[in-house]
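Heads up: the structure comes next, in structure tokens.
Every read-out reported here was derived from the displayed coordinates using simple, explicitly stated rules and does not represent laboratory data. Owing to the predicted nature of the structure, the values given are computational and were not obtained by experimental measurement. All Cβ positions, even for glycine, are placed from backbone atoms using ideal geometry, and neighbour counts span all protein chains on display.
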Amino acid sequence: MMTTDAVIFDLDGVLTDTAELHFIAWQAIANKLNITFDKEDNEKLKGVDRENSLKYILAKGNLAVGTAKFEQLLKEKNDQYLTLINEVNPSHLFDGVLSCFAALKKSNVKIGLASASKNASLVISKLGIEHLFDFIGDAASVANSKPAPDIFLSVAHGLNVLPKNCIGVEDAVAGVRAIKSANMFAVGIGDNQILTQADLVFPSMSEFDFNQVETAFLLSAT
Ligand code: BG6
Ligand code: MG
């Protein structure tokens, strides 16, 4: 029998608008390299880890760089991102997140975090919500990044629940694929024309309705 044991959230673009800050930082790198990088490119990079994001940008510009330059570009991007997130505070939490977490706690559903970002713990603490998580995944410790299922599976393991009893929440195409590969129910946050593999999509977290999610989740098993 299926039960709703945990909801596992992505961070960037689901709990706060850091997806936009990653975009600004990558666009600065791309501009410097004379490579065009627009919102459509960014959509493909949502959920994708730092190294693979840079590889995508370089491939788009047909540019090959040595290891030292590659590392330097990664550092530059991250330094700018760190400057941008320095401003993050609890007011940047998306509307609907706290009430959603409260509804989960009331129903005894565990809360996990499965972010591809190595800066996730820092952002979560700046948002002032670290105490609300039962388990926070570590992007640096998994072998394969999204769209591979690894981070979602490691969080399910950390929460001591079965993947099939978990619901994942994502704003990225790569993230939704990771959730589905982990054999979990996928809730997309954003555009249902883009997040086509999600089982259910809400335009934003303020529309996230746990009762609706749970009903659709339990029905999906029948
Ligand atoms: C994901 C973002 O959550 O984290 C990506 O959607 C980002 O845009 C990735 O590249 C890695 O983040 P970081 O902070 O480790 O560079
Ligand atoms: Mg995201």
- Message: Charges at C-beta only: +1 for Lys and Arg, -1 for Asp and Glu. How large is the resulting dipole of the chain about its Cα centre, in Debye rounded to 20?
- Response: 520 debye
- Query: Given the alpha-carbon gyration tensor of the range 19-85, what are the semi-axes of its equivalent ellipsoid in whole angstrom, ordered largest first, with each equal to the square root of 5 times an eigenvalue?
  - Reply: 16, 14, 10
- Message: Testing the spin-label approximation: label points 7 Å from Cα along Cα→Cβ at GLN193 and ASN211. State their distance in nm.
- Response: 3.2 nm
- Message: With unit charges on the beta carbons (Lys and Arg positive, Asp and Glu negative) and the dipole taken about the Cα centre of the chain, which residue among ALA140, ASN192, VAL65 sits farthest to the positive side?
- Response: VAL65
- Relative contact order as a percentage, the chain, C-alpha pairs under 8 Å and 6+ apart, gives 26 percent
- Task: Treat every Asp and Glu Cβ in the range 19-85 as -1 and every Lys and Arg Cβ as +1, leave all other atoms uncharged, and give the resulting dipole magnitude about the Cα centre to the nearest 20 debye.
- Result: 140 debye
- Query: For MET1, MET184, MET205, what's the fewest-to-most ordering of other Cβ within 10 Å of each Cβ?
  - Reply: MET1, MET205, MET184
- Task: Determine which lysines satisfy two conditions relative to LYS44: a Cα distance under 27 Å, and not lying fewer than 8 residues away in the same chain.
- Result: LYS32, LYS55, LYS60, LYS69, LYS75, LYS77, LYS118, LYS126, LYS146, LYS164, LYS180
- Backbone N within the range 62-76 under 14 Å of label point (7 Å from ASN34 Cα along the Cβ vector): 62-64
